[in-house]
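K.L.:
This is the structure I have questions about; it appears just below.
The values are calculated or read from the model by the stated rules, or taken from the named source; none is laboratory data. Keep in mind it's a predicted model, so treat the numbers as computed, not measured. Cβ: placed from backbone, ideal geometry, glycine included. Neighbour counts: every protein chain shown. When the accessible area is computed, the model is the full protein with side chains, heavy atoms only, and any ligands, DNA or RNA have been set aside. Shrake-Rupley method; radii C 1.70, N 1.55, O 1.52, S 1.80 Å.
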Amino acid sequence: MQDNQEKTYKLKMMPVPDSCWYSNLRSALPAKIWDIIRKDAYARANGRCMICGRPVNRLEAHEKWSYDEENQIQKLDDILAVCHECHSVIHIGRTQLFDREEQAIAHFCRVNNCTYADYRRELGKANEYHKRLNQVSEWKLDVSFIKDILDRKDKKEDS
């Protein structure tokens, strides 16, 4: 690979702005709606982690967000059904707080077929991105993705 080409990783760290910590759809939505959303992700995953592809008995629902820094919009892009190990890498800051980074590093390198140096480089990029996201004082939410899931469910029930 040439130096000017970025390697694309299947498993990535996905930092969220500090102002969004400890808030999630599971706690913000009625339990019935959250169940529909997470079960939709589990059904799409068919018993496998949507990132590493490993079959697992217990999947976790991960909210995948994108950030439009210019317009200050935090948009829900998807709900992914992931294994605990992938979820630990995605939320590496939380994983570090619980002193479980070594396991996350090993999983990141295994899934992405990369080295520890690659992990450190990606962690640095994630930290820089996190700093940029924190420059926005308040994010506007776009959760239109939820409507899409509920619409799909209604169509299934109608057919």
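K.L.:
Within segment 34-48, is even one residue outside any helix (DSSP H, G or I), modelled with pLDDT of 90 or more and open to solvent by 100 Å² or more (accessible area, probe 1.4 Å)?
P.N.:
Step one: of segment 34-48, the residues outside any helix (DSSP H, G or I) are 46-48.
Next, from what is left, pick out any that are modelled with pLDDT of 90 or more: 46-48.
Then drop every residue that is not open to solvent by 100 Å² or more (accessible area, probe 1.4 Å), which leaves 46, 48.
For segment 34-48, residues outside any helix (DSSP H, G or I), modelled with pLDDT of 90 or more and open to solvent by 100 Å² or more (accessible area, probe 1.4 Å): present.
K.L.:
Return the total of residues in segment 134-156 being assigned to a loop (DSSP other than H, G, I, E, B) and among the charged types (D, E, K, R).
P.N.:
Matching residues across segment 134-156 total 1.
K.L.:
Given the structure, is E69 in contact (Cβ under 8 Å) with a residue 40 or more places away in the chain, touching a helix residue (DSSP H, G or I) at 6+ places or on another chain (Cβ under 9 Å) and open to solvent by 30 Å² or more (accessible area, probe 1.4 Å)?
P.N.:
Answer is yes for this residue.
K.L.:
For segment 103-132, how many residues are assigned to a helix (DSSP H, G or I) and in contact with a helix residue (DSSP H, G or I) (Cβ under 8 Å, 6 or more places away or on another chain)?
P.N.:
Summing the residues that are assigned to a helix (DSSP H, G or I) and in contact with a helix residue (DSSP H, G or I) (Cβ under 8 Å, 6 or more places away or on another chain) in segment 103-132 gives 15.
K.L.:
While we're on this one: Given the conditions (1) within 17 Å of K64 (Cβ to Cβ); (2) open to solvent by less than 100 Å² (accessible area, probe 1.4 Å); (3) out of contact with any Gly (no Cβ under 9 Å at 6 or more places or on another chain); (4) touching a residue at least 12 places away in the same chain (Cβ under 8 Å), report the number of the one that L141 does not fulfil.
P.N.:
For L141, the failing item is (2).
K.L.:
Right, something else. Considering segment 49-62 alone, what residues qualify as being of a type outside the set (A, V, I, L, M, F, W, C) and surrounded by fewer than 20 Cβ atoms within 10 Å (Cβ to Cβ)?
P.N.:
Selection gives G53, R54, P55, N57, R58, E60.
K.L.:
Hey, could you check segment 21-33 for residues that are surrounded by fewer than 16 Cβ atoms within 10 Å (Cβ to Cβ) and under 17 Å from the mean Cα position of the chain (by Cα) and say which is nearest to Y129 (Cα to Cα)?
P.N.:
W21
K.L.:
Name the residue that is farthest from W34 (Cα to Cα), counting only residues in segment 49-102 that are assigned to a strand (DSSP E or B), under 12 Å from the mean Cα position of the chain (by Cα) and aliphatic (A, V, I, L, M).
P.N.:
V82
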